[in-house]
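Worksheet for the structure shown next.
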Amino acid sequence: MQLIERARAVLAGGCDSPVRSAWSVGAPMFLQAAADGPYAYDQEGRRYVDYIMAYGPLLFGHTHPALVTKLDSLARHGFVWGSTHSEEVRLAERIRGHLSSMERMRFVTSGTEAMMSAIRVARAFTGRRRVAKFAGNYHGHFDVALLEAGASAGGAGRGGITGGVRREVAIARYNDLASLDAAAAGIEGDIAAIVVEPIAANMGFVPPAEGFLAGLRERASAWGALLVFDEVITWLRFGLHGAQGRTGVMPDLSALGKIMGGGVPIAAFGGRREVMETLAPVGQTFTGGTHGGNPFCVAMAHRVLDLLEAHPEYYAAMESVAKRLATGIRAIFARRGLPYAVVQAESIVDFKFRAGAPGRNYDDARAADAAAYARYYRAMLQRGILLPPSQNEVMFVSTAHTAAHVDETLAAIDDSLEGYLGLPGTSHDSNATS
């Protein structure tokens with residue numbers, strides 16, 4: 001606890017991101033000292049199976065040898081130059097080879113910066129000011145993005161945002177085209193962008209309903225707006241072609257995040273050539289930064305793509321482990337008569353303490369029992385399993401997780417639920433849904 005007190009004395013709120021404080025689960029802040037493979041270690045050296053995975057970008061677990069060895073060779077000529085270089089160009093070419101919608105792109109340092117920049121470009125290209133977005137989606141911590149945001153911003157994202165910003169944002173229900181039509185009624189001609197997580201993972205895991213993304217594409221085109229995909233989580237987590245490749249819906253602009261560099265601070269935004277030419281020096285819209293495309297982070301991104309392109313089997317391996325975890329949780333719920341839906345796609349697993357079918361929107365996510373999740377989080381932590389300290393987050397599996405880690409996790413879940421229920425089973429009807 002001494003370190004927590006020291007942190008509170010010098011860091012605002014004792015942390016650099018609110019979710020780390022564990023305020024929403026009523027637990028002491030997890031103080032991490034080290035990490036390796038699928039494990040996180042606390043200050044006392046205790047080992048935990050880690051399903052946070054830095055909130056998604058660690059596809060290969062912590063400290064994968066291909067990413068952390070010979071780092072001095074990447075830094076030998078400097079971490080940051082402030083100049084364009086050949087490896088930056090080559091990385092852009094590789095990304096465009098997987099995401100054909102990104103005809104032109106620009107590198108930045110975070111997903112927040114990528115989404116903020118994409119919205120600025122959309123406004124400049126269309127000459128409009130309004131943005132349509134969806135409750136429960138998380139696009140970073142800039143003003144427009146925080147309204148009705150998911151992830152750890154839920155319930156704490158209002159301060160410091162002006163009324164003018166609020167009036168420029170139309171917020172709709174995810175997976176509900178009628179809700180978007182209602183939110184946009186009468187202002188369609190002033191909407192610059194429809195921004196969306198094509199596969200949502202910041203209000204729990206919520207896949208797009210059939211026809212939802214296609215409906216967004218149709219509306220953006222009809223209204224003269226740009227469709228912006230936030231693929232900060234989904235690109236690479238859902239394959240080299242991302243959510244847009246999986247769904248077959250092409251956005252006008254996309255934002256990518258730190259997953260491309262194995263967690264180091266690199267991101268990108270990009271899209272159609274004529275849209276991106278709005279940017280200076282061709283156009284009159286400015287985005288820029290000294291760290292954009294810096295040689296160290298670019299080199300790390302090449303290492304990540306090298307691994308994924310050389311080992312396509314990694315995706316099947318992660319999915320197999322995730323399926324084992326999801327299947328095991330469903331079996332526990334069925335045996336205990338718990339009516340909670342478990343959802344799994346690729347290497348993501350999630351469930352909510354809410355009876356019924358899987359969630360389709362933020363209303364469903366907010367209906368989950370937050371107090372139950374808080375008890376569950378604390379019980380799992382005591383049993384050596386590190387979960388996200390927010391029920392809006394999901395469990396991420398990496399190539400470092402194995403069947404043995406899953407079995408250890410399932411035993412902890414079963415034990416934690418027994419403590420939470422106080423009984424080996426319950427009288428609830430079982431209708432867990434896959």
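The values are calculated or read from the model by the stated rules, or taken from the named source; none is laboratory data. Values in this document were obtained by computation on a predicted structure and should not be read as measured data. Every residue, glycine as well, gets a Cβ built from its backbone with ideal geometry; the counts of neighbours run over all protein chains shown.
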From the list A280, A301, A267, pick out the single residue that is touching a Gly at 6+ places or on another chain (Cβ under 7 Å) and closer than 29 Å to S221 by Cβ. A267
Checking the structure you have, find out if any residue of segment 336-346 is acidic (D, E) and out of contact with any helix residue (DSSP H, G or I) (no Cβ under 6 Å at 6 or more places or on another chain). no
With respect to G261, is the statement that it is outside the structural domain of V349 (by TED's automatic domain parsing), touching a Cys at 6+ places or on another chain (Cβ under 8 Å) and under 27 Å from Y314 (Cα atoms) true? yes
Which condition from (1) within 18 Å of E408 (Cβ to Cβ); (2) in contact with a Pro (Cβ under 7 Å, 6 or more places away or on another chain) is the one that Y51 breaks? (2)
Check on R76, modelled with pLDDT under 95 and either outside the structural domain of G211 (by TED's automatic domain parsing) or more than 20 Å from the chain's Cα centre (by Cα) (or both): yes
Filter segment 138-173 down to the residues that are on the phi < 0 side of the Ramachandran plot, in contact with a Gly (Cβ under 6 Å, 6 or more places away or on another chain) and either hydroxyl-bearing (S, T, Y) or assigned to a loop (DSSP other than H, G, I, E, B) (or both) and list them by number. Y138, A149, G150
Is there any pair with a first residue in segment 272-284 that is assigned by TED's automatic domain parsing to the domain that holds V121 and over 14 Å from I119 (Cα atoms) and a second that is exposed (fewer than 12 other Cβ atoms within 10 Å of the Cβ) and aromatic (F, W, Y) whose Cβ atoms are under 7 Å apart and which are 6 or more apart or on different chains, and what are they? A280/F286
State whether the residues of segment 131-141 include one that is surrounded by fewer than 24 Cβ atoms within 10 Å (Cβ to Cβ) and farther than 16 Å from I194 by Cα. yes
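Do any strands (runs of 3 or more DSSP E) lying entirely in segment 32-75 carry at least 2 residues that are surrounded by 15 or more Cβ atoms within 10 Å (Cβ to Cβ) and either among the hydrophobic types (A, V, I, L, M, F, W, C) or touching a residue at least 60 places away in the same chain (Cβ under 8 Å) (or both), and which ones are they? So that I can check it myself, show each step before the final result.
On the way: elements: 32-36, 39-42, 47-50.
The qualifying strands (runs of 3 or more DSSP E) are 47-50.
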Which one of Y376, Y362 is hydroxyl-bearing (S, T, Y), assigned by TED's automatic domain parsing to the domain that holds Y51 and under 21 Å from the mean Cα position of the chain (by Cα)? Y362
Here is a check on your reading of the model: is E393 among the charged types (D, E, K, R) and crowded, with 23+ Cβ neighbours inside 10 Å? yes
Among the candidates I259, I329, single out the residue that is closer than 18 Å to P65 by Cα, in a helix (DSSP H, G or I) and either touching a Ser or Thr at 6+ places or on another chain (Cβ under 9 Å) or at pLDDT 95 or above (or both). I259
Any chance A412 is within 16 Å of F351 (Cβ to Cβ), touching a Lys or Arg at 6+ places or on another chain (Cβ under 9 Å) and in a helix (DSSP H, G or I): yes
Can you find even one residue in segment 375-388 that is surrounded by fewer than 19 Cβ atoms within 10 Å (Cβ to Cβ) and without any contact (Cβ under 8 Å) to a residue 40 or more places away in the chain? yes
For segment 207-215, does any single residue satisfy the condition of being under 20 Å from S347 (Cα atoms), in a loop (DSSP other than H, G, I, E, B) and either at pLDDT below 95 or touching an Asp or Glu at 6+ places or on another chain (Cβ under 7 Å) (or both)? no
Within segment 124-134, is there a residue that is within 24 Å of the chain's Cα centre (by Cα) and under 17 Å from G270 (Cα atoms)? no
Segment 285-326 - residue that is of a type in the set (S, T, Y) and assigned to a helix (DSSP H, G or I) and, of those, surrounded by the most Cβ atoms within 10 Å (Cβ to Cβ): Y315
Check T162 against each of (1) crowded, with 23+ Cβ neighbours inside 10 Å; (2) among the hydroxyl-bearing types (S, T, Y); (3) over 22 Å from the mean Cα position of the chain (by Cα) and name the one condition it does not meet. (1)
